[in-house]
Amino acid sequence: MLFALMAHDKPGALEIRKDNRADHLSYIESTGVVSMAGPLLDDTGGMAGSLVILNLADMAAARVWADNDPYAKAGLFDRVDLIEWKKVIG
């Protein structure tokens, strides 16, 4: 099953993002369940959150993955939406 994780950074949290980016990318690579991912951007093109498409067995597994993301553990996010997603195009 596919899940879309949309996480919105806390205001002024760019340093938390920068400080934890290497661990976040390593987590993505090591878990092997990310179909695609990238930062959400604000009006000036700065990083303001994350969009991650996960391929996991169920919502419980997606929540575990999201909770263990180094960005989440570092307290980067203000809000996280995790929903089942159906790929139609691409």
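The values are calculated or read from the model by the stated rules, or taken from the named source; none is laboratory data. Given the structure is predicted, the values throughout are model-derived calculations rather than measurements. Virtual Cβ from ideal backbone geometry, glycine too; neighbours counted across all protein chains shown.
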Residue within region 31-38 that is surrounded by 11 or more Cβ atoms within 10 Å (Cβ to Cβ) and in a helix (DSSP H, G or I) present: yes
Flag for residue 30 being at pLDDT 95 or above, hydroxyl-bearing (Ser, Thr, Tyr) and over 10 Å from the mean Cα position of the chain (by Cα): yes
Exclusive hit being surrounded by 15 or more Cβ atoms within 10 Å (Cβ to Cβ) and either in a strand (DSSP E or B) or out of contact with any Leu (no Cβ under 7 Å at 6 or more places or on another chain) (or both), set 83, 28: 28
Selection status of residue 40, in contact with a helix residue (DSSP H, G or I) (Cβ under 7 Å, 6 or more places away or on another chain) and either of a type in the set (Val, Ile, Thr) or touching a residue at least 12 places away in the same chain (Cβ under 8 Å) (or both): no
Residue 69 surrounded by 18 or more Cβ atoms within 10 Å (Cβ to Cβ) and of a type in the set (Asp, Glu): yes
Odd one out for residue 43 among (1) in contact with a Lys or Arg (Cβ under 9 Å, 6 or more places away or on another chain); (2) not in a helix (DSSP H, G or I): (1)
Criterion (closer than 21 Å to residue 86 by Cα, over 13 Å from the mean Cα position of the chain (by Cα) and either part of a helix (DSSP H, G or I) or modelled with pLDDT under 95 (or both)) met by exactly one of 22, 66, 57, 61: 61
Among (1) surrounded by 11 or more Cβ atoms within 10 Å (Cβ to Cβ); (2) touching a helix residue (DSSP H, G or I) at 6+ places or on another chain (Cβ under 9 Å); (3) free of Cβ contacts under 8 Å to residues at least 24 places away in the same chain - the single one residue 22 does not satisfy: (1)
Which numbered condition residue 55 fails, given (1) more than 11 Å from residue 3 (Cα to Cα); (2) of a type in the set (S, T, N, Q); (3) out of contact with any helix residue (DSSP H, G or I) (no Cβ under 7 Å at 6 or more places or on another chain): (1)
Number of the condition not met by residue 4 [criteria: (1) surrounded by 15 or more Cβ atoms within 10 Å (Cβ to Cβ); (2) more than 15 Å from residue 82 (Cα to Cα); (3) in contact (Cβ under 8 Å) with a residue 40 or more places away in the chain]: (2)
